[in-house]
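Working notes, beginning with the structure itself.
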Ligand code: NI
């Protein structure tokens, strides 16, 4: 099922996401993961965090396949759902990359992040993992992880850049700048 995506100005995007409790059974987690992937694909995204579908839960999904259609670097695409992730270590060089976000439609800006991360996370059954990610995977993971901290890539831009984007961001918040996929309108 395709879910409407929350956009800039919605307070849920500013909240620290609640940990996922695997004992609670109110939410069917595997169904939620399926819905999040479906929602992400129809919007042509490479990552989607639960607050972007209006749920304050420490969960995001990633599929970096679109980055590898013409790739010859040897890096493999990553498709995975991450529950209760914690960045244990940032690694490597500061690297700029032009980012977008399904919750900040029509805006793309260069964002500097580390080349790699070491991450703790759980899978849909609550199994625990610790794993290193690099390149595009580390890029998308860091972007989605920020969503769970109540941040978007806009918060990573310089104050000047943010000032320059202010009117566009306001247009998104009030529903005057809309993407091709379904969004959840912000409350007035
Ligand atoms: Ni995003």
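What follows draws every value from the coordinates through simple rules; no lab data is involved. Because the structure is a prediction, the values reported are computed rather than measured. We place every Cβ from the backbone using ideal geometry, glycine too, and count neighbours over all the protein chains shown.
Looking only at the stretch 50-74, which residues are part of a loop (DSSP other than H, G, I, E, B) and either within 15 Å of the ligand (Cβ to nearest atom) or touching a residue at least 40 places away in the same chain (Cβ under 8 Å) (or both)? Scanning the stretch 50-74 gives 54, 55, 56, 58, 64, 73. If I ask for residues that are assigned to a loop (DSSP other than H, G, I, E, B) and either touching a strand residue (DSSP E or B) at 6+ places or on another chain (Cβ under 6 Å) or within 12 Å of the ligand (Cβ to nearest atom) (or both), which ones from the stretch 98-115 would you list? Selection gives 100, 101, 102, 103, 104, 105, 107, 108.
Note on the stretch 14-49: residues that are in contact with a helix residue (DSSP H, G or I) (Cβ under 7 Å, 6 or more places away or on another chain), part of a helix (DSSP H, G or I) and within 21 Å of residue 138 (Cα to Cα) total 1. Which residues, taken from the stretch 111-141, are under 26 Å from residue 181 (Cβ atoms) and under 16 Å from the mean Cα position of the chain (by Cα)? Within the stretch 111-141, 111, 113, 136, 137, 138, 139, 140, 141 qualify.
Taking every residue in the stretch 121-138 that is buried (at least 20 other Cβ atoms within 10 Å of the Cβ) and pairing it with any residue that is assigned to a helix (DSSP H, G or I), at least 6 positions away or on another chain, the pairs with Cβ-Cβ distances below 8 Å are 133/141; 136/67; 136/68. Applying the criterion of being in contact with a strand residue (DSSP E or B) (Cβ under 6 Å, 6 or more places away or on another chain) and touching a residue at least 60 places away in the same chain (Cβ under 8 Å) to the residues of the stretch 20-38, the residue that is nearest to the ligand (Cβ to nearest atom) is 33. Residues that are within 12 Å of the ligand (Cβ to nearest atom) and either without any contact (Cβ under 8 Å) to a residue 60 or more places away in the chain or in a loop (DSSP other than H, G, I, E, B) (or both) within the stretch 151-188 comprise 151, 152, 153, 155, 156, listed in sequence order.
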